[in-house]
Amino acid sequence: MKRALEIALAVALVPFAVPVVLVCMGAIRATSPGPALFRQARVGSGEATFTCYKLRTMRTGTGDVPSHEAPASSVTPVGAWLRRLKLDELPQLWNILRGDMSFVGPRPCLPSQTRLIAARRAHGLYAIRPGITGVSQIAGVDMSDPDRLAALDATYLDEMSLMTDLKLIVATGLGRGRGDRVGA
């Protein structure tokens with residue numbers, strides 16, 4: 001049932017998201033060289049890798065590293081605004097439609113984040129799809145603390161329900177929580 005509701009919600013949101021994404025893409029291209037859409041390999045359900053789509057918030061040439069390991073100077077001014085408003089996540093509606101992601105679940109990590117992958121494996125988190133938002137994001141815990149992150153994300157496995165998902169989505173929409181911090 002969760003999958004059917006997510007597809008219906010994603011389909012309903014796409015007509016509203018597309019114009020916003022196009023405006024954001026124009027702002028990205030007007031203020032920094034490089035593509036507006038960012039694609040990156042991430043680890044998903046069953047530890048399979050998939051291509052995650054986002055609006056680019058960092059300067060072209062920033063290494064393929066977790067956000068907390070990237071220098072703070074790599075975030076563009078428009079990117080900072082997109083991250084604050086969480087608009088950079090809108091292209092992930094495509095990941096939801098493809099079945100790579102859910103609205104709610106652990107944030108997908110990079111294949112190079114082996115400590116986080118092992119911690120999530122130990123907690124059984126690869127049995128579910130990663131999400132755009134989740135328990136850790138609302139709690140303000142990012143990927144710089146992999147063991148704490150995996151343990152907190154694992155609480156979702158016990159609390160997973162439509163009501164829990166709605167609460168987390170609403171909390172995200174109201175600006176609670178934060179994205180992954182960017183390094184110093």
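The values are calculated or read from the model by the stated rules, or taken from the named source; none is laboratory data. This structure is a prediction, so every number in the text was calculated from the model and none was measured. Positions of Cβ are backbone-derived with ideal geometry, glycine not excepted, and every protein chain shown enters the neighbour counts. The protein model used for the area step is the full one, side chains on, heavy atoms only, and it has no ligands, DNA or RNA in it. Shrake-Rupley method; radii C 1.70, N 1.55, O 1.52, S 1.80 Å.
The table below gives the values:
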{"item": "Region 1-80 - Rg (one decimal) and Dmax (whole number), Cα, Å", "result": "15.1, 43"}
{"item": "At least 24 Å along the helix axis (C-alpha) and Kyte average at least 1.0, DSSP helices within the chain", "result": "2-31"}
{"item": "Environment charge at residue 53 (Cβ cut-off 13 Å; Lys +1, Arg +1, Asp -1, Glu -1)", "result": "+2"}
{"item": "Per residue accessible area in Å² of the chain, where ligands, DNA and RNA are left out and the probe is 1.4 Å", "result": "50"}
{"item": "Total formal charge among the other residues, if their Cβ is under 13 angstrom from that of residue 3, Lys/Arg +1 and Asp/Glu -1", "result": "0"}
{"item": "Cα-based Kirkwood hydrodynamic radius, region 88-184, one decimal, Å", "result": "13.5"}
{"item": "Reported label for calculated Cα extents along the principal axes in Å given [x] 56, 34, 25; [y] 69, 43, 26; [z] 45, 36, 28", "result": "[z]"}
{"item": "Neighbourhood net charge (12 Å Cβ-Cβ; Lys/Arg +1, Asp/Glu -1) for residue 25", "result": "+2"}
